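Structure, as structure tokens:
The values are calculated or read from the model by the stated rules, or taken from the named source; none is laboratory data. In this text, all values refer to a predicted model and were calculated from it rather than measured experimentally. We place every Cβ from the backbone using ideal geometry, glycine too, and count neighbours over all the protein chains shown. Side chains are part of the model used for accessible areas, which takes the heavy atoms of the whole protein and leaves out ligands, DNA and RNA. Shrake-Rupley method; radii C 1.70, N 1.55, O 1.52, S 1.80 Å.
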Amino acid sequence: MNTLETYNAIFTETFQVEENVLDTDFNSDTVEKWDSVCQLSLVTTMEDTFDIMMEPEDIIGFKSYEIGKSILAKYDVTIA
Amino acid sequence: MKLLENKVCLVSGTNKGIGHAIVEAFAKHGAIVYAHARSVGCIDQWTDSLSEKYQTKVVPVYFDVTDLDVARKRVMAIKTAEKRIDVLINNAGMVTYEMIPMVQMSTFKSMIDVNVVGAFNLLQIVSRIMTRQKSGSIINMASIVADRGASGQVSYATTKGAVIAMTKSAAKELAPLQIRVNAVAPGMVGTVRFKDVFEKNFQEKLNNIGMGRLAEPEEIADMCLFLSSDMSSYVTGQIIGVDGSTEL
């Protein structure tokens, strides 16, 4: 499984959605289930999976499928 | 029976007094201890001697608790080295004895930075490491003055009141993750610092203590040992006084 597949799997598991809905519009404004508890769970799973520890501002900023990729890049995790 | 065999413990503020006693008690009980101090090199010799004496690993770690970024990096370095952190003792702190008109705002703010912000920073990063483990014990150093009040200690008591509030809320948030958070509230402890300050009216102070004597730093360390160990596996959110029945 490459990093993109892993990244997508975390989203589909966290939000209980199909992979084909994950696009540039998948964010905290458009996804009803995306509340702070869900976001923390998402981030924690990302941290566990990629063995990183995000700064608080990155945890707060992890508000969309696309932004998440750029945040992970700060921790040398390339989603591809 | 060793209560902390191979547990990875981080203790802040260990250069002297209570922190010093905690590190020794933990090493004696088989813990791998990361002993924090601010001035680089100041506890090298002591930690080496403890490692040898108790045949465990006592490692000095140096940073200023108010330098939040550096503190986080040091904690992450421990996590990288040991793969886990089982115990955090938030002991680093500063104290002053001043009447209200004498309290300088710069000093008051520094005390909040060290006693509250610095402690919360360590709690935040260590609890996230413990979250992954689904286990851990965090002990914050409070004080009897936070609950009872003490003339000449308004600023110090304010910060320790915040520590108590921090402890209770963190305990509730982290309980589902099997992370325990408690605070120890010492009364008057016979540290060199305390004795220096109260040298002139020492006897008068002793009259306020039911047991008629100051606490030894080791007696505070013993409570930290209990709260860090599995002996207290169902204890969380508690503020435990170790004060020999002191009246302020």
Enumeration of residues in the range B:120-145 that are touching a residue at least 60 places away in the same chain (Cβ under 8 Å) and either in a helix (DSSP H, G or I) or farther than 18 Å from residue B:237 by Cβ (or both):
B:122, B:126, B:144, B:145
Identify the residue in the range A:29-75 that is touching a residue at least 24 places away in the same chain (Cβ under 8 Å), buried (at least 18 other Cβ atoms within 10 Å of the Cβ) and among the aliphatic types (A, V, I, L, M) and, among all such residues, is farthest from the other protein chains (Cβ to nearest Cβ).
A:72
Inspect all residues belonging to the range B:70-80 and state whether any of them is more than 16 Å from the chain's Cα centre (by Cα) and in a loop (DSSP other than H, G, I, E, B).
no
Looking at the structure I just gave you, is residue A:59 within 26 Å of residue B:79 (Cα to Cα), assigned to a helix (DSSP H, G or I) and touching a Leu at 6+ places or on another chain (Cβ under 8 Å)?
yes
With out of contact with any Leu (no Cβ under 6 Å at 6 or more places or on another chain) and within 14 Å of chain A (Cβ to nearest Cβ) as the only criterion, which of B:133, B:153 stands out?
B:133
Just checking, which of B:131, B:236, B:167 is modelled with pLDDT under 95, under 30 Å from residue A:47 (Cα atoms) and either out of contact with any Pro (no Cβ under 8 Å at 6 or more places or on another chain) or open to solvent by less than 20 Å² (accessible area, probe 1.4 Å) (or both)?
B:131
Please go through (1) of a type outside the set (Lys, Arg); (2) within 14 Å of another protein chain (Cβ to nearest Cβ); (3) over 18 Å from the mean Cα position of the chain (by Cα) for residue B:123 and return the number of the only condition it doesn't satisfy.
(3)
Cβ pairs under 7 Å, 6+ apart or interchain, first in the range B:1-12 and touching a residue at least 12 places away in the same chain (Cβ under 8 Å), second of a type in the set (Ser, Thr, Tyr) and surrounded by fewer than 24 Cβ atoms within 10 Å (Cβ to Cβ), ordered by first then second residue, are B:3/B:229; B:4/B:229
